[in-house]
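Below is one structure, written out as structure tokens; comments come after it.
Bear in mind these aren't lab numbers, they're just calculated from the coordinates by the rules spelled out. None of these values were measured; they are calculated from a predicted model. In this analysis, Cβ positions are derived from the backbone assuming ideal geometry, glycine residues included, and neighbour counts consider all displayed protein chains.
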Amino acid sequence: MSYLILENISKIYNNKTVLHNISVNIDKGKILAVAGPPGSGKTTLLKIIAGLITPTSGRILIEGVDITNKPPYERGFSMVFEIPPVYPDRTGYDNIAFPLRIRKLPENEIKRRVEEIAELLNIKHILSRKPSTYSGGEYQRVALARALVLEPRVLLLDEPLKNLDAKIRESMVTWLKDLQRRLGVTIIYATHDPLEAMTIGDKVMILLNGYQKQVSTPSELLLKPVDLDVDEYISIPALNVIKSKIIEVFEDNISLQLGKHVIKVRKQLPMQLSSKEVFIAIRPSDIIVSDRGEEKMISGKVSSIQYYGRGQLLTIESEDLVFRVVVDRLVSVGEGDVVYMDLPSDKIRIYDIDSRRLLG
Amino acid sequence: MSNIVLRLENITKRFGDLVAVNNVSFDVKRGEVFSLLGPSGCGKTTTLRIIAGLEKPDSGKVYIDGEDVTYKSSRERKVCLVFQEYAVFPHMSVYDNIAFGLRFKKLNKEEVSKRVREIAELLDLDELLSIRASKIGLSEQQRVAIARCLVVEPSILLLDEPLTLLDARIKERMRRELRRLQREFKITVIYVTHDQLEAMMLSDRIAVMNKGRIIQIGSPKEIYEKPSNLFVATFVGSPTINLIEGVLRVSNNRLMLSAGNGDILLSDYIEKPEVFREIFNKEVIIGVRPEDIIIDPGGLLQGEIRYIEALGDRMVLHINVFKSIMLRVLTDLYTRVSIGDKIRLRINISNLHIFDKVSGERIINMR
């Protein structure tokens, strides 16, 4: 049985539904990343789990016990917010010890637990210092230490890294994941950044406008997004989405109109999709570019190049279509060059224009 | 007019005991995007504020278009600064926000309207002119802030982490957008950021800063492929470069690294062994970028996959070689591997970085 179960959680504020029937199971010791753009309902969902907000309907179960109506302090969860409050006039030690003192633990027990967690989070050096002397990463770790010192059953993290430098953020993600593995704590991690979600989550929930679009492992999510909204949301650099028309459906392939080009794609689709308008989507890193063309390829002119170390992001204009393509850093290409693009069939996804669901 | 728009000459700025900017000098060419990149507290924002005229340096000179402006006020300089928080007036319309930039110009109404509409059209804001700034999206607000700057036709546009507060997806779009605008207007931009990816994708040249000093200035390609020391090598690039300490040896054209647990054969044939002569028996740190380690059944290194990290449409394999060395290896999502697999690896030797262990400076160029 799953450790933590959310069952049809909905929340309505002033006749506006901000969360629609959220249902998910989380196993003990795993990380569920909740990813969605600002305003998609992530924080509301976390606060409902923490007990800070009551859901309009639905249930929360932990180890089979319904805790929907239990107050926050009886749940044994800890929550860390985007900008965690750390008392500026208290030392690191006193900040971390605070929740234990409220619970009136003996001082020697407090000391043992504070030192243990400080060791684990690598912040022993700031225990006697006040928050104004901390770096961003240290500040964030003190807040985490204060949450972890209570030995919570579930740790709820709401954009805990949002205000950190990019480089620190990157190492904090690896560090947090490693810490989680050692402690075995169950984590729900909210972030607006799909890459961060896929890096940290054992499973990722995509939350768009209050709807739970998909819950799956990071690789499933990348290989089989359920609809165009999810595909667009998780693709950075931005997904290539082109309005197209299926000219004809054959037994094991289809012909597609792409601007002025007609390409053949190996896909098995129902015959009735012939002459239907669709969206086709392909990620920038999945298009193959070469400087010599074959007839089946789409030619275009490179209008801009953005080098970023391990790769280069090209913008390629082909008559009325614009493609974004990622190539290796060693590919030598200049602005104004004419190149040829191959769109591999297994990397193309076809979506219904109206429902935006995946057709194949 | 000279090709140099901005020149900083030996700029130093102290705040109490802290040397925020330490003897910084550089030139910025007309029409280029020049980034100041570094961690929090490296002095990049103070440098920008000195250029803008919001701070006076303790020593050194600032020249804009050849003129010494060190002691001139912000308004007397032909620069315009866009802050991290866009400072768009929420109660004013988009039109009034843009026109605000022209308030000191003493232009008549028609002239103001003409200029505002021109800029608005170029920035795709023409449909929004009558809307209140509080009602438009973040990326539009950013364009309004930039439009307000561009409308006064500054020599230099200064941008202080303008994308930090945007979410990851909008950020990527805005990077492309900014680059397109800059090309279209051929405007000189100085861009401050802590995000190495952003700096690389936007800039013609980057100055990497640390502790008040400039560590390296170069094109994104130079910075990435020839980092001048360990700081630049580790700060730029994601996932972070692999570093291994040891002593390099060459025998019979074989390149070997003696590390803690024995000899690691890096290459069984190198063309110019004499390149390494000067560093024989010297303690070095070698740097290998995660994309320069390739899974190859014929590779010389053997390792075991300990941990697989998803990174968007790629994966980072954490691979244990020689017991105690952990390497990060970047592969695409379609690579079929699992934890515990024993695999062979090849290091792309031509992209090897070698640093002095003591000074951290780059000591050999492989190419």
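A few notes on this one:
- Positive-end residue of A:214, A:299, A:57, charge dipole of chain A with Cβ unit charges: A:57
- Taking every DSSP helix (H) stretch of at least 4 residues in chain A, weighting each as -39,500 (n - 2.57) and dividing the sum by the residue count yields a mean residue ellipticity at 222 nm of -7000 deg cm²/dmol.
- Between the alpha-carbon centres of the stretch B:182-257 and the stretch B:74-141 there is a gap of 36 Å.
- Scoring A:133-144, B:333-344 by mean Cβ neighbours within 10 Å over their residues and listing the highest first yields A:133-144, B:333-344.
- Over chain B, all Cα pairs binned in 10 Å intervals from 0 give whole-percent P(r) values of 5, 21, 25, 21, 15, 10, 4, 0, listed from short to long.
- Cα coordinate range in the stretch B:78-138, projected on the principal axes (Å, largest first): 29, 26, 21
- Computed from the Cα positions only, the extents of the stretch A:240-352 along the three principal axes stand at 45, 24, 21 Å, in decreasing order.
- Shape annotation for chain A: C-alpha extents along the principal axes are 78, 46, 36 Å, from largest to smallest.
- For the stretch B:291-363 versus the stretch B:1-46, the inter-centroid distance based on Cα atoms is 36 Å.
- Per residue of peptide B:350-358, the mean number of Cβ atoms on other chains within 10 Å of the residue Cβ is 0.
- Using a cut-off of 23 Å between Cα atoms, the listed pairs A:47/A:167; A:243/A:267; B:29/B:221; A:167/B:29; A:224/A:264; A:28/A:70 include A:47/A:167; A:167/B:29 as exceeding that distance.
- 5 angstrom amide H check on residue B:209, placed H, neighbours 5+ away: B:37, B:38, B:215
- Per-residue shielding of B:216-225, expressed as the average number of other chain Cβ atoms within 10 Å of the residue Cβ, stands at 2.
- Reduced Cα scattering model of the stretch B:207-322, Debye log10 I(q)/I(0), q = 0.14, 0.20 Å⁻¹: -0.75, -1.27
- Whole-angstrom gap from the stretch A:295-346 to the stretch A:228-263, using each part's C-alpha centre: 17
- Charge tally around residue A:92: other residues with Cβ under 15 Å, Lys/Arg +1 each, Asp/Glu -1 each, net +3.
- Max mean-square fluctuation residue, GNM over chain B, Cα-Cα springs under 10 Å, options B:88, B:275, B:69: B:275
- Neighbour-count ranking [beta-carbon atoms within 10 angstrom, fewest first] of B:353, A:192: A:192, B:353
- Rounded if a/c under 1.5, otherwise prolate or oblate - the protein assembly as shown, Cα gyration tensor axes: rounded
- Compactness check for the stretch B:8-142: Cα Rg over 2.2 N^0.38 Å is 1.26.
- Max mean-square fluctuation residue, GNM over chain B, Cα-Cα springs under 10 Å, options B:285, B:325, B:146: B:325
- Using a simple spin-label model with pseudo-atoms 7 Å out from Cα toward Cβ, residue B:122 and residue A:291 lie 3.4 nm apart.
- Calculated over the stretch A:250-297: convex hull of Cα atoms, volume per residue (Å³): 105
- Counting Cβ atoms of other protein chains within 10 Å of each Cβ in A:27-38 and taking the mean gives 1.
- Set of lysines with alpha-carbon distance to residue B:72 below 18 Å, sequence-local pairs under 8 removed: B:13, B:56, B:61
- Mean shadow area of the stretch B:38-100 over all directions, Cα convex hull, nm²: 5.9
- Protection-proxy order for peptides A:7-19, B:179-191, each taking the mean of Cβ atoms within 10 Å per residue, highest first: B:179-191, A:7-19
- Surrounding net charge for residue A:135, when Lys and Arg each add one and Asp and Glu each subtract one, Cβ distance under 13 Å: +2
- Neighbourhood net charge (11 Å Cβ-Cβ; Lys/Arg +1, Asp/Glu -1) for residue A:214: -1
- Rounded, prolate or oblate (a/c below 1.5 giving rounded, otherwise prolate when a/b exceeds b/c) for the stretch A:1-72 by Cα gyration tensor: oblate
- Two-decimal Rg to Rh for the stretch A:169-211 - Kirkwood Rh, Cα set: 0.99
- Against the compact-protein benchmark of 2.2 N^0.38 Å, the Cα-based radius of gyration of the stretch A:73-187 scales to 0.99.
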